[in-house]
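Notes follow once the structure below has been shown.
No lab work stands behind these numbers, since they all come straight from the coordinates. These numbers were taken from a predicted model, which means no experiment stands behind them. Cβ sites come from the backbone with ideal geometry, for glycine too, and all protein chains shown count toward neighbours.
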C-alpha cells in the first residue's frame, strides 16, 4: 500500500513538469503576435517564482516534511484521486495549448462593438458552460505581469466555484484534486466561450486560469466581483475565497462594465480576523500586505509557502479556514454591520 501511495503522489506532481512546457506555448505564440500585443507597464509587478515551478523533491528534502503527509489508507479513494488528478492534468494541458493556438483563429476578425442581445446570450452561454461569476473591466497595464503581454485591452473575467466539502479537507489531497479539476473545467469553459465569440466575429484571447498573464484576483476585484482578502485571494459574495479565476481579453468597447466599492468593507473585516495568517502552516501570509507597485500589494511570502504548497500539492488551508467560505458572505456582512465581527470570527474557527 505504501508503494502505491508513493506512486500516486509522484503522479500528481506531474503539473510541475508540465508548467515549463505550458510556458513554451506562451512564448511561441505571443512571440508570433508580439507586434499586436499590449505589453506590461513599467509599474507592473514581477511574477515571483511560483511554487509550481519548484521541484517537489528538492523542497521536501530541504524542509524534511515528507513524513508529515498522511498516507492513503483506502485503495478505492487512492485510485479515484489518482484518476481525477490525471484527467484534470490532461484536460488542463490541452486547455492551455488551445488558449494560445486559437490566437490564429482571430485572423480576419475585427468586431469591436456588440448589442445588448449579444451580452445577454454571452452570459447565458457562460452559465451553461459552468462559469459561475462574470465581470467586465478594462485591464490596467500595471496588472499585466512584467514580461507578459495581452492582445486586447479589455477583459471578461470568469470564475468557477471549488466545492466547499472538498476544500474543507485541506491540506488533504482531496482539496488539491478539486483545485485541479476547477482549473481544467474553467479553462475548458473559457475556450468554448471564446469559440462562441469568434463565431460572432469578435477576436479574443483566453487567459487560462493556470497561466496567469495578469493579476487575476486584482482584475476580478476591479470588475466588482469581490474584494481581495488578507491571503491575496478574491473574496466573493457567492463563494468567499473558493473559486479559480481566468479572463478572456477582447477589443469590445461597449461592454456592460462592472465594478464599484460595494465589497470594500471586507478589507476592514480581514484586519480584525487574520485567521488565515494564524493558521497558515508555513507562516507565509504577511500580517500586513507589502507594497509591490502602485496599487498592487504582495500578501504571500512564496519562499515560506512553497514547501507546504509543494508537499500537499496546493495546501489551501487559507481557503479552508476563511470565515467567508465557512459562514458565508451575507452572514458575515450582517455581523460586521452590527459590530459583531469577533463573534463570527470565533465561530468560524471551527467548521
*Fewest-first ranking of 316, 264, 310, using other Cβ atoms within 10 Å as the exposure measure*: 264, 310, 316
*Sort 301, 110 so that the residue with the fewest other Cβ atoms within 10 Å of its own Cβ comes first and the one with the most comes last.*
110, 301
_Ranked by how many other beta carbons lie within 10 Å on average, peptides 168-176, 218-226 from highest_ = 218-226, 168-176
*Based on other C-beta atoms within 10 Å, arrange 83, 255, 167, 197 from fewest to most.*
83, 255, 197, 167
